[in-house]
Structure formats: C-alpha cells, structure tokens
C-alpha cells in the first residue's frame with residue numbers, strides 16, 4: 001500500500017470517527033450528513049440556493065432576466081448615484097442562503113465562513129472579478145457592535161478572498177466611525193442618508209492610488225456599499241468594486 005493510500009484511509013477513518021463523536025448536520029434543515037461528503041448543506045437544501053449565474057446587472061449585481069441590459073445599469077440602479085464601479089453577488093438573498101447568513105452573523109456560527117467564503121471565492125474567480133485589483137477591504141462594523149458580536153463576518157469572508165487571490169487585506173483600510181440606526185425599517189433614500197459620514201479611513205496609505213475590492217456578506221439597496229466606496233475613493237482609492245454572498 002502506498003503512502004497516498006495510507007493517508008487516504010487514515011483520513012477516511014478520522015472523518016468516520018468525527019461523525020460518531022460530532023455528527024454532521026445540514027445547517028439549513030438539520031438532516032444528517034454522516035453518509036455524505038457534504039460538510040454544511042444537504043443536496044436538497046443546496047439545490048434551493050438561487051445562484052445568479054451570468055444574468056445579473058454588472059453595475060449593482062442584482063439578478064436580471066434574459067432580456068434586460070446588464071452592462072450599464074438596470075431599473076433597480078440606473079437612477080442611483082453609486083460610488084462603486086461594479087458589484088457581484090453569489091446568489092439571491094432568500095430562503096436557505098438568507099438563513100445561513102443570519103446564522104453566520106447573529107448566532108455565532110463562524111464556521112460558516114468556510115462554506116460562504118468558498119462560494120464567494122468561486123464566484124469571484126469564475127467572473128474574473130479580482131483581475132486588476134490591488135487590495136481587499138472588509139465592510140466594517142462599529143467597534144461596539146463588533147465587540148458585542150465578537151467578530152466581523154465581512155472580515156472573515158474578506159480574509160478568505162485575500163488568501164485565495166494572493167491580495168493584501170487592508171485591515172485598517174476602513175472603519176465605521178459613527179454608529180447608525182438599523183437600516184431594515186428605512187426606505188431606500190433614507191438608508192443612503194442614514195449612512196452619510198458613517199465611515200472613515202484610519203490609514204489612507206493602505207488604499208491610496210489602489211483599486212479596491214470591498215467584501216461584505218449582503219448587498220440590499222447598495223447604501224452601505226456605496227457610502228463605504230465613497231469614503232474609500234475620497235481617501236484616494238482609484239476604483240472600488242463590491243463582492244458579496246447574498247444579493
């Protein structure tokens with residue numbers, strides 16, 4: 001038996017033992033994953049994620065129908081003044097994906113950064129979205145909220161993207177300097193106003209003269225990403241693109 005075969009057998013035995021001690025279950029429906037190779041989702045739940053494919057608006061990242069122009073803006077964003085140049089999402093922010101992101105953000109399931117990060121990396125790679133970029137920046141939380149949560153979910157995703165594309169991660173490239181009320185109950189226009197002046201760049205040298213990829217978990221109206229991009233550009237960034245998991 002070769003060393004490769006021995007290592008494979010040892011790995012399989014280790015996985016089987018872990019399944020006995022810590023059984024794997026689908027994060028969406030709770031079904032057992034012990035008899036599968038899946039780590040986070042069962043096949044039926046994975047099939048319910050609506051991946052965006054190539055039919056999406058190149059400006060705001062929203063999924064589009066087959067006959068909707070996608071290069072210069074769609075009905076959703078054509079009237080908006082967005083400070084980022086392009087946006088890319090993995091899948092529609094609904095059902096299974098929305099539940100996973102909620103677990104990741106609000107229930108301490110930081111291990112989901114592996115699954116969600118892999119989805120984001122695959123999407124960025126498939127669309128060649130990181131080409132020409134110089135640095136990765138994570139969408140920040142206010143320090144009080146990050147202290148309460150214990151982590152910034154966008155930063156965990158940004159780390160995986162930075163590692164995959166061998167790009168530096170500007171950890172002090174962007175900070176949320178003003179705590180803002182929740183966006184969930186606000187209309188679109190109010191969301192943009194709510195975030196005005198909410199961000200700052202503690203170390204402009206990390207983004208000045210560079211093309212930036214801003215990473216976050218979700219893009220809804222685009223208000224947060226646009227204000228963050230405006231702040232980065234004011235600090236000298238020459239371009240800001242946005243990559244998210246849920247759109």
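Of note:
- Folded to 0 to 90 degrees: helix 112-126 orientation relative to the chain principal axis, Cα: 70 degrees
- Share antiparallel - DSSP beta bridges, the range 135-215, percent rounded to 5: 25 percent
- Only helical runs count toward this figure. For the chain, summing -39,500 (n - 2.57) over DSSP H runs of n ≥ 4 and dividing by all residues gives -11000 deg cm²/dmol at 222 nm.
- Using alpha-carbon coordinates, inclination of helix 153-165 to the longest axis of the chain, degrees: 80 degrees
- With Cα atoms, 0 to 90° folded angle of helix 95-106 axis to the chain main axis: 80 degrees
Bear in mind these aren't lab numbers, they're just calculated from the coordinates by the rules spelled out. Owing to the predicted nature of the structure, the values given are computational and were not obtained by experimental measurement.
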